[in-house]
Amino acid sequence: MPNANTALIERFYSAFQNRDAESMAACYAADILFQDPAFGVLRGREAGDMWRMLLGRAQDFTLSYDGVKSVGQVASANAVARYTYSATGNVVVNQIQARFAIRDGLIAEHTDVFDLWRWSRQALGASGWLLGWTPQMQRAIQTKARRALKEYRQKPVS
């Protein structure tokens, strides 16, 4: 039988598979610290809004995960997200290693690690292949992601 922290991570990824951003965000502490190569550091509601935005735009999305483990208040998992990147129509298969810190039964820190160059080659095609490894291109990817999130957050809720 899984412990409470393992069950929390399982609940998070089950919601992710079901494209349920609200349930994902409910797994986060109010002061969540999220980090990944595409968005950089997000805090608090920004992290839940990122999932709302991404899942709301997702095309042909599937997610698989495995290797959920927890020791004390630290957990980890592996995930593979498959989707069509809307800006180019290219298919992306993103392999992610996730680490979590848990506090009071909620995820307080969430770090996703993946190869941004590999992602850019799939998502952006030739430009990602040629330039995706460069710090300038990686900053541009992060800037675009952050801008999209900012615009999403400024839209009135319908």
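The values are calculated or read from the model by the stated rules, or taken from the named source; none is laboratory data. None of these values were measured; they are calculated from a predicted model. Here Cβ is always computed from backbone atoms with ideal geometry, including for glycine, and neighbour counts include all displayed protein chains.
Any residue at all in region 59-69 that is in contact with a strand residue (DSSP E or B) (Cβ under 6 Å, 6 or more places away or on another chain) and under 24 Å from K155 (Cα atoms)?
Yes, that holds for at least one residue.
I'd like to verify a number: residues in region 19-31 that are buried (at least 16 other Cβ atoms within 10 Å of the Cβ) and either among the acidic types (D, E) or outside any loop (DSSP other than H, G, I, E, B) (or both), how many?
5
If I filter region 118-158 down to residues being small (G, A, S) and within 15 Å of E46 (Cα to Cα), which single residue comes out as farthest from the chain's Cα centre (by Cα)?
Applying the filter and picking the extreme gives A148.
Do you know which of the residues in region 107-128 that are touching a residue at least 60 places away in the same chain (Cβ under 8 Å) and among the aromatic types (F, W, Y) is farthest from N3 (Cα to Cα)?
Per the stated criteria, the residue is W119.
Show the residue pairs that are 6+ apart or on different chains and have beta-carbon atoms under 8 Å apart, the first residue being within region 95-106 and closer than 15 Å to V71 by Cα, the second being among the charged types (D, E, K, R).
Note: pairs meeting the criteria are A98/D112; R99/E109; F100/E109; A101/E109.
From the list F39, F16, F34, which one is modelled with pLDDT of 95 or more, in contact with a Lys or Arg (Cβ under 7 Å, 6 or more places away or on another chain) and either surrounded by 18 or more Cβ atoms within 10 Å (Cβ to Cβ) or farther than 22 Å from L116 by Cβ (or both)?
Being modelled with pLDDT of 95 or more, in contact with a Lys or Arg (Cβ under 7 Å, 6 or more places away or on another chain) and either surrounded by 18 or more Cβ atoms within 10 Å (Cβ to Cβ) or farther than 22 Å from L116 by Cβ (or both) holds for just one of F39, F16, F34, which is F39.
Which condition from (1) farther than 25 Å from M137 by Cα; (2) under 15 Å from the mean Cα position of the chain (by Cα); (3) of a type in the set (G, A, S) is the one that A79 breaks?
Tallying (1) farther than 25 Å from M137 by Cα; (2) under 15 Å from the mean Cα position of the chain (by Cα); (3) of a type in the set (G, A, S), A79 fails exactly one: (1).
Among the residues that make up region 88-105, is at least one of them closer than 24 Å to N5 by Cβ, among the aromatic types (F, W, Y) and touching a His at 6+ places or on another chain (Cβ under 6 Å)?
There is at least one residue in region 88-105 that is closer than 24 Å to N5 by Cβ, among the aromatic types (F, W, Y) and touching a His at 6+ places or on another chain (Cβ under 6 Å).
Would you be able to say whether some residue in region 33-46 is farther than 15 Å from R146 by Cα, small (G, A, S) and not in a helix (DSSP H, G or I)?
no
Select from region 57-73 the residues that are touching a Lys or Arg at 6+ places or on another chain (Cβ under 7 Å) and not small (G, A, S) and write down the one among them that is farthest from K144 (Cα to Cα).
Q73
Which of the residues spanning region 60-78 are in contact (Cβ under 8 Å) with a residue 12 or more places away in the chain, assigned to a strand (DSSP E or B) and either within 10 Å of Q97 (Cα to Cα) or not aliphatic (A, V, I, L, M) (or both)?
D60, F61, T62, S64, Y65, D66, K69, S70, S76, A77, N78
Conditions (1) in contact with a helix residue (DSSP H, G or I) (Cβ under 9 Å, 6 or more places away or on another chain); (2) at pLDDT below 95; (3) among the small types (G, A, S), marked per residue:
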residue: S86; (1), (2), (3): yes, yes, yes
residue: G89; (1), (2), (3): no, yes, yes
residue: N94; (1), (2), (3): yes, no, no
residue: A101; (1), (2), (3): no, no, yes
residue: V113; (1), (2), (3): no, no, no
